[in-house]
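Heads up, the thing below is written out as structure tokens.
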Amino acid sequence: MQENRFRARLRSGGKLFVLAAALLAGVGAVGQPVGWILLTTTLGPTAYLLLAHPQTEAARLRCCLLGHACATASGLGCLAAFGLWHYPSVIEGQHGTWRQIIAQALAVGLTLLLLVLLDAHHPPAASTALLIASGLARPGPPLYGMLTGLALLFAGVALLSRF
């Protein structure tokens, strides 16, 4: 009995491994000719949620779109509010300044507030807010790449769900 459960988990895990690896590699490959990084850390948890738990509320397209839209607006708003629009990212600066730390914390907090108010729960959106507010996905190609990667991920999962 326990061996059958293990085999079922192995089959399920193997399927997720193949789907996630193929989908994320495809998204990453699309960015190569354009010179954009489409594969960012926000795609990992989003892919997991969409592929492993597609029946949950957080995996609904409405929640995904509103979640990442709220996170993008929150992250950009906090960059602007704290005068960090052209400031080096926390990685480039080797550490976060107090303005950056507060902007990052408020961007995530604001995202969570908006998601509760909109009844559109999507946990991976918090990482989108953090990426933007930290300057890692700053306005320009890094932000466009992340958003394009998310759009490709949503499209890829939609295509895969048909099979």
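Some values worked out for this structure:
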item	result
Gain upon complete extension [residue 154, residue 34; 0.36 nm per residue less C-alpha separation]	41.2 nm
Under the span-like rule (Cα at least 24 Å along the axis, Kyte-Doolittle mean at least -0.5), DSSP H helices of the chain	2-34, 61-81, 98-117, 141-161
Extension gain from residue 118 to residue 101, taking 0.36 nm per residue of separation minus the Cα-Cα distance	3.5 nm
Global geometry of the stretch 35-80, whether rounded, prolate or oblate, following the gyration tensor of its Cα atoms and the 1.5 cut on a/c	oblate
Accessible solvent surface per residue of the chain, calculated while the other protein chains remain in place, 1.4 angstrom probe, Å²	57 Å²
CD proxy at 222 nm, helix term only [per DSSP H run n ≥ 4: -39500 (n - 2.57); per residue of the chain; nearest 500]	-24000 deg cm²/dmol
Efficiency of FRET from Cβ geometry, residue 62 and residue 94, R₀ 35 Å, rounded to 0.05	0.35
Cβ crowding within 10 Å averaged over residues, with 14-23, 120-129, 143-152 ranked highest first	120-129, 143-152, 14-23
Gained length - residue 162 relative to residue 2, 0.36 nm times residue gap less alpha-carbon distance	54.4 nm
Relative contact order (%) - criterion: Cα under 8 Å, at least six apart; region: the chain	32 percent
Kirkwood hydrodynamic radius of the stretch 26-136, from inverse mean 1/r over distinct Cα pairs, in Å	14.5 Å
Given charges at beta-carbon only (K, R positive; D, E negative), |dipole| of the chain in Debye	480 debye
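The values are calculated or read from the model by the stated rules, or taken from the named source; none is laboratory data. A quick note: this is a predicted structure, and the numbers were derived from the prediction, not measured. Using ideal geometry, Cβ is built from the backbone for each residue, glycine included, and neighbour counts are taken over all protein chains shown. SASA here: full protein model, heavy atoms, side chains in, ligands and nucleic acids out. Shrake-Rupley method; radii C 1.70, N 1.55, O 1.52, S 1.80 Å.
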